[in-house]
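The values are calculated or read from the model by the stated rules, or taken from the named source; none is laboratory data. Owing to the predicted nature of the structure, the values given are computational and were not obtained by experimental measurement. For accessibility, only protein heavy atoms count, side chains too; no ligands or nucleic acids. Shrake-Rupley method; radii C 1.70, N 1.55, O 1.52, S 1.80 Å.
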Amino acid sequence: MKSIAAKKKLNNIAEYILYLYQMEDLIRSYQGNLEEINQYVVSHYPVEDLEKSEISSWFEEIKTKMEQEGILEKGHLEETRKLVDELSKIHWQLLKTDKTYFETYQKAKPHIMQVVMDAEGQDLGNEIQICLNGVYGLLLCRLLGKKVSDEQLKTAESFGEVLSLLNLVYQQEIISRN
């Protein structure tokens, strides 16, 4: 699982963030009980015992960070929040400099505004956080077998397009830094 996360971080930062959200939620669903996570989750992975041990250690590492940061019940890891903020900075830069990105964002903007209005004053974070939450919400609906409306699909698709373009620029920036 740690290797899956590493690949996602290398290839698609939005997928990596969403994957970490899943891991946080998985740990929460077991109230941070690592014995149960090992029994009901890790033990069922079709990998060798050594890799299961590494996966178990990775879950323990995440749980420890969640405890230290006080997010065992809700919220996201500081590392993940920093990545979202970094994507948000790229987002604002691209809105001013990249016509293709601006046009893609314009398709998503009405959906972002609708989410903000539906939140009735609740702080949803920045626009990129809203896009990530929308895509993650669709993923959760599908995992739970819930019916997804055409409007929800359209919204998530527009958010995904924004995140996809952001990922391309993010990957280019990472390459140029190294």
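Per the Debye calculation on the stretch 104-178 with a single equal scatterer at every Cα and no solvent contribution, log₁₀ I(q)/I(0) for q = 0.12, 0.13, 0.18, 0.28 Å⁻¹ amounts to -0.38, -0.44, -0.75, -1.29.
Report in % the part of the accessible area of the chain that belongs to carbon and sulfur, leaving out ligands and nucleic acids; probe 1.4 Å. The value for the chain is 52 percent carbon and sulfur by accessible area. Computed from Cα positions, the angle between helix 150-177 and the longest principal axis of the chain comes to roughly 80 degrees.
For the chain, the longest principal axis of the Cα atoms and the long axis of helix 78-97 meet at an angle of about 20 degrees. With Rh defined as the Kirkwood radius, the inverse of the mean 1/r over Cα pairs, the Rg/Rh of the chain is 0.99.
Taking θ as phi - 60° and the Karplus parameters 6.51, -1.76 and 1.60, the scalar couplings of the stretch 120-125 work out to 6, x, 5, 6, 9, x Hz in sequence order, x denoting glycine and proline.
On average, how much accessible surface per residue is there in the stretch 1-136, in Å², for a 1.4 Å probe, leaving out ligands, DNA and RNA?
59 Å²
Based on Cα contacts under 8 Å between residues 6+ apart, the chain shows a relative contact order of 23 percent. Rounded to whole numbers, the Karplus 3J(HN,Hα) couplings from phi for the stretch 48-62 are 5, 4, 4, 5, 4, 5, 5, 5, 4, 5, 5, 4, 4, 4, 5 Hz, using 6.51 cos²θ - 1.76 cosθ + 1.60 with θ = phi - 60°, and x at Gly and Pro.
Over 20 Å apart at the Cα level, from the set Lys74/Lys154; Lys63/Lys89; Lys7/Lys52; Lys52/Lys74; Lys9/Lys89; Lys7/Lys147, are Lys74/Lys154; Lys63/Lys89; Lys52/Lys74; Lys7/Lys147.
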